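See structure below.
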Amino acid sequence: MPITIGAKRESDFTDPIGMMGDCHRRIERFLDVLVSLARQQNGGPLDEAQRTALTTSLRYFREAAPKHTADEEESLFPRLRQAGNPEAVALLAQMETLEQEHESASSVHDEVDRWSRRWLEQRTLSVDDASKLSAALEQLALLYRRHIAIEDTEVFPAASKVLSDADRKSVGAEMARRRGLAAIEDRH
Ligand SMILES: [Fe+2]
Ligand SMILES: [Fe+2]
């Protein structure tokens, strides 16, 4: 029962934890585009392909990435907190830290968005603005590296073990609804 939205998905809504891992690969890929552009051009003029790559990556972090954060904060973490299982209990402090990091990442993304839009509008950035953009991107790269590693190696494996089938189904349904697909439960 493949359910796809737009591009091909590696996992579908029947495997919500797998989908969350796929989102991590997209975060890494789009962040890498931003870091590479800033490093290569350093605020200098962008050609058409680079402008498109920058715009696409910014849009991903503005529109799609917050849904991934909501998947974790509103669908996954609450169920792990309620599970009462020792493996989930051991992750309580981690989940709190991860939520704080979501907030920090979001405010650094706002800065990245601001400098990048200026870059697109003015065609070049001042040395000062270019270094602010690079610093913000370095901060994000560092934050995501640790954050994603903890989710991929600790939280998601625990969730795969601890969540009941009903929980898994509900998480998948909520993720589908967040992306504009209703009544996904009927298709399981
Ligand atoms: Fe996260
Ligand atoms: Fe995540």
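The values are calculated or read from the model by the stated rules, or taken from the named source; none is laboratory data. Please read all numbers here as calculations on a predicted model, not as lab measurements. Cβ atoms come from the backbone with ideal geometry, glycine included; neighbour counts cover every protein chain shown. All accessible areas refer to the heavy atoms of the entire protein, side chains included, with ligands and DNA or RNA removed. Shrake-Rupley method; radii C 1.70, N 1.55, O 1.52, S 1.80 Å.
Each row is one residue, and each column tells you yes or no for (1) assigned to a helix (DSSP H, G or I); (2) under 19 Å from the mean Cα position of the chain (by Cα); (3) loosely packed, with under 13 Cβ neighbours inside 10 Å.
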{"position": "Tyr60", "(1), (2), (3)": "yes, yes, no"}
{"position": "Ala64", "(1), (2), (3)": "yes, yes, no"}
{"position": "Ala88", "(1), (2), (3)": "yes, no, no"}
{"position": "Gln100", "(1), (2), (3)": "yes, yes, yes"}
{"position": "Ser104", "(1), (2), (3)": "yes, yes, no"}
{"position": "Arg118", "(1), (2), (3)": "yes, no, no"}
{"position": "Ala136", "(1), (2), (3)": "yes, yes, no"}
{"position": "Arg146", "(1), (2), (3)": "yes, yes, yes"}
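Check whether at least one residue in region 34-56 is within 30 Å of Ala159 (Cα to Cα), away from ligand 2 (no atom under 16 Å from the Cβ) and out of contact with any helix residue (DSSP H, G or I) (no Cβ under 6 Å at 6 or more places or on another chain), and report yes or no. Within region 34-56, none of the residues are within 30 Å of Ala159 (Cα to Cα), away from ligand 2 (no atom under 16 Å from the Cβ) and out of contact with any helix residue (DSSP H, G or I) (no Cβ under 6 Å at 6 or more places or on another chain). Only a single item in (1) open to solvent by 20 Å² or more (accessible area, probe 1.4 Å); (2) of a type in the set (Gly, Ala, Ser); (3) touching a residue at least 12 places away in the same chain (Cβ under 8 Å) is not met by Ala38, and it is number (1). Among the residues of region 44-54, those identified as over 19 Å from Asp110 (Cβ atoms) and open to solvent by less than 20 Å² (accessible area, probe 1.4 Å) are Gly44, Leu46. Kindly indicate whether Ser160 is within 23 Å of the chain's Cα centre (by Cα), of a type in the set (Gly, Ala, Ser) and surrounded by fewer than 18 Cβ atoms within 10 Å (Cβ to Cβ). Yes, satisfied. The residues of region 91-116 that are in contact (Cβ under 8 Å) with a residue 40 or more places away in the chain and under 20 Å from Leu163 (Cα atoms), listed by number, are Leu91, Gln94, Met95, Leu98. If you go through region 68-86 and keep only what is open to solvent by less than 30 Å² (accessible area, probe 1.4 Å) and of a type in the set (A, V, I, L, M, F, W, C), you end up with Ala70, Leu76, Phe77, Leu80. Taking first residues from region 16-28 that are among the aliphatic types (A, V, I, L, M) and more than 14 Å from ligand 1 (Cβ to nearest atom) and partners that are modelled with pLDDT under 95 and open to solvent by less than 10 Å² (accessible area, probe 1.4 Å), no Cβ contact under 6 Å between residues at least 6 apart in sequence or on separate chains turns up. One residue stands out among those in region 60-80 that are of a type in the set (Lys, Arg) and out of contact with any Asp or Glu (no Cβ under 6 Å at 6 or more places or on another chain): the one that is farthest from ligand 1 (Cβ to nearest atom), which is Arg62. For Gln122, are the conditions met, namely being open to solvent by 30 Å² or more (accessible area, probe 1.4 Å), farther than 14 Å from Ala38 by Cβ and within 16 Å of ligand 2 (Cβ to nearest atom)? Criteria not met by Gln122.
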